[in-house]
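The values are calculated or read from the model by the stated rules, or taken from the named source; none is laboratory data. Fair warning: this is a prediction, and the values are worked out from it, not measured in the lab. Note: ideal-geometry Cβ built from the backbone for every residue, glycine included; neighbour counts use all protein chains shown.
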Amino acid sequence: MSQESDERALTDEEWRERLTDEQYRVLREAGTERPFSGEYVDHEEDGSYSCAGCGVTLFESDTKYHSGCGWPSFYDADDDVVETRVDTSHGMHRTEVMCANCGGHLGHIFDDGPEPTGQRYCINSAALEFEDK
């Protein structure tokens, strides 16, 4: 994105007012919820998943699948709504996935997903909100 969104300009205090404690920990501090604890791990409704921080639609339910990893998994996302960067925290080398609009941490992406992309977007439920179709 070439222009900073309004959400990227929010202060820490404004984020704390907007988000629950868990959403803040995940989205703003790059936290991770415990495996199999999130609201959307086994969620199977038709609709879309948006960023809990700013409301931008990130994933469609038809790209969600059960990977067995303990977090909601998707095999595709639009490059305009997510961005990635290298994450070497915790002694690992991973690719972090963030909301392109607000910069919130969503989770990580791995190259062990199903066809047609072969990717697994491993996303924290706390970073998402669901809207029925």
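When restricted to residues that are farther than 15 Å from G31 by Cβ, touching a Leu at 6+ places or on another chain (Cβ under 8 Å) and part of a strand (DSSP E or B), the range 60-98 contains 1.
Consider the range 11-33 and keep the residues that are touching a residue at least 12 places away in the same chain (Cβ under 8 Å) and assigned to a loop (DSSP other than H, G, I, E, B). The one that is surrounded by the fewest Cβ atoms within 10 Å (Cβ to Cβ) is E29. Hey, any hits in the range 50-66 for a residue that's at positive phi, out of contact with any strand residue (DSSP E or B) (no Cβ under 6 Å at 6 or more places or on another chain) and of a type in the set (A, V, I, L, M, F, W, C)? No, because not a single residue in the range 50-66 is at positive phi, out of contact with any strand residue (DSSP E or B) (no Cβ under 6 Å at 6 or more places or on another chain) and of a type in the set (A, V, I, L, M, F, W, C). Condition first: farther than 30 Å from E17 by Cβ, touching a strand residue (DSSP E or B) at 6+ places or on another chain (Cβ under 6 Å) and modelled with pLDDT under 95. Can you find one or more residues in the range 112-133 that meet it? Within the range 112-133 (the criterion being farther than 30 Å from E17 by Cβ, touching a strand residue (DSSP E or B) at 6+ places or on another chain (Cβ under 6 Å) and modelled with pLDDT under 95), the answer is yes, since at least one residue qualifies.
Here the condition is being surrounded by 15 or more Cβ atoms within 10 Å (Cβ to Cβ), in a loop (DSSP other than H, G, I, E, B) and touching a Ser or Thr at 6+ places or on another chain (Cβ under 6 Å); of G38, G103, it holds for G38 alone.
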